[in-house]
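The values are calculated or read from the model by the stated rules, or taken from the named source; none is laboratory data. None of these values were measured; they are calculated from a predicted model. Don't worry about glycine lacking a Cβ; one is built from the backbone with ideal geometry, like all the others, and counts go over all protein chains shown. For accessibility, only protein heavy atoms count, side chains too; no ligands or nucleic acids. Shrake-Rupley method; radii C 1.70, N 1.55, O 1.52, S 1.80 Å.
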Amino acid sequence: MKVVVHVDGGARGNPGPAAAAAVISSPDGEVLLERSELLGQTTNNVAEYRALLLGLREAQALGASEVEVVGDSELVCKQVSGLYKVKHEAMKPLHREARSALSRFSSWSFRTVPRAENAHADALVNAALDGDPT
């Protein structure tokens, strides 16, 4: 089963209070699941990675074998895809965890979109930060 996983993470301040969110849908757009979680105090980049990990964990729990990840973090996308090196020591464990999680799928892709095209996941992040986690 193939799913599309929209992910977003955000911190209010950098670092600051942060949250991660994922919206999993079928390839034709039917929303199958949405989740968000508060992360405490962290940076925006850590929140973006945590959103990716949340989305991959939930996709695997749904039984997905293929994932198309969609997010608005060019840094995370290019690091996970191998186009950028991970230089920051604190990001290396998250990168390894993400690559390990992706390896559990028969195929995966990751693409970046403008924030407006990731509005559902972005709204979940803001709702979580405002005290309404999903």
At a 10 angstrom cut-off on C-beta neighbours, averaged per residue, how do the peptides 59-72, 25-38 rank from highest to lowest? 59-72, 25-38
Provide, in order from the shortest bin, the percent of all Cα-Cα pairs of segment 3-64 in each 5 Å bin, continuing until the bin that contains the maximum pair distance. 4, 24, 27, 19, 13, 9, 5, 0
Determine the share of the chain's accessible area contributed by carbon and sulfur atoms, expressed in whole percent, with a 1.4 angstrom probe. 49
For segment 74-134 (alpha-carbon point model, no solvent) the Debye-based log₁₀ I(q)/I(0) at q = 0.15 Å⁻¹ works out to -0.64
The correct pair for the chain, radius of gyration to one decimal and Dmax as a whole number, both in Å and from Cα atoms, is 13.5, 38
Residue-normalised value, i.e. accessible area per residue, for the chain at 1.4 Å probe, in Å², stands at 49
